[in-house]
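Visitor: First the structure, then my questions, so here it is.
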Amino acid sequence: MTLDSLVEQFKKKDTLAFEQLYSMYSKNICGVIHTIVKNEGRSQEICQDVFIKIWHNSDSYNSSKGRFFTWILNIARNAAIDEIRSKSYKNERKNFSADYFVGILERPDEEQTTADAIGLKKLVKNLKEKCVQIIELLYFRGYTQKEAAEELDIPVGTVKTRNRSCISQLRVNMEQK
C-alpha cells in the first residue's frame, strides 16, 4: 500500500491505517518532541497526545499543502513548545535545577570531583550572599529575571544590575584562581 492510499484510509478513520502510520512515524515524532522537552516520560505522553490529535483532526490534512510527515511534525513541534511554555513545566524545571545543581555545591568532598575540577564551589562561596541568591535563581533554578525579582522582592532592574555585577565578580575570581 502506498503512503498516499494509507493516508486516505487514515482520513476515513481506518484503525489499521492509523496503526501502520503510528509504527512508521512515532519514533521520529517522539524524538523530535524529546529534543525540545528533554524529558523522556513527558515526551512519550506528548507523542501519544499528538497521535490522538491527528486522529481526531485527520480531515484537516491537505496533501497539496505539504507532506503528511511534515503535517504531523508541525503538530508535534507546536505541542512540545506549548509544553515548555506551560507553568507546570517551568515549575518542574526549577525544582529539578535546584535539587540537582545546588546539591553539587553542598556534597561532601569525596563526591565533588566534577564541581572541584572546575572550582565551582570555591568560586561561588567567595561571592556575597546577594550574588549567590541571584546566580542560584537565574542559572541553577532557571528563573527569569522577572521571576527572580518577584522571589527576592526586589525590582527587575536590581536583578539585572546584580546579575551583571555578580558575573563580573565570578570572572575576577576565576582570573585570580
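The values are calculated or read from the model by the stated rules, or taken from the named source; none is laboratory data. What you see is a predicted model; the values in this text were computed from it and never measured. Cβ atoms come from the backbone with ideal geometry, glycine included; neighbour counts cover every protein chain shown.
Visitor: Please give the number of the condition GLU151 fails out of (1) under 26 Å from ILE84 (Cα atoms); (2) at pLDDT below 75.
Guide: The single condition GLU151 does not satisfy is (2).
Visitor: I would also like to ask the following. On the basis of being in contact with an Asp or Glu (Cβ under 9 Å, 6 or more places away or on another chain) and within 23 Å of LYS12 (Cβ to Cβ), does PHE68 make the cut?
Guide: Spelling it out, PHE68 is indeed in contact with an Asp or Glu (Cβ under 9 Å, 6 or more places away or on another chain) and within 23 Å of LYS12 (Cβ to Cβ).
Visitor: Checking the structure you have, find out if any residue of the range 73-94 is polar (S, T, N, Q), over 20 Å from the mean Cα position of the chain (by Cα) and modelled with pLDDT under 95.
Guide: No, every residue in the range 73-94 fails to be polar (S, T, N, Q), over 20 Å from the mean Cα position of the chain (by Cα) and modelled with pLDDT under 95.
Visitor: Now for a separate question. Within the range 23-50, how many residues are within 13 Å of PHE68 (Cβ to Cβ) and surrounded by fewer than 19 Cβ atoms within 10 Å (Cβ to Cβ)?
Guide: Number of matching residues: 2.
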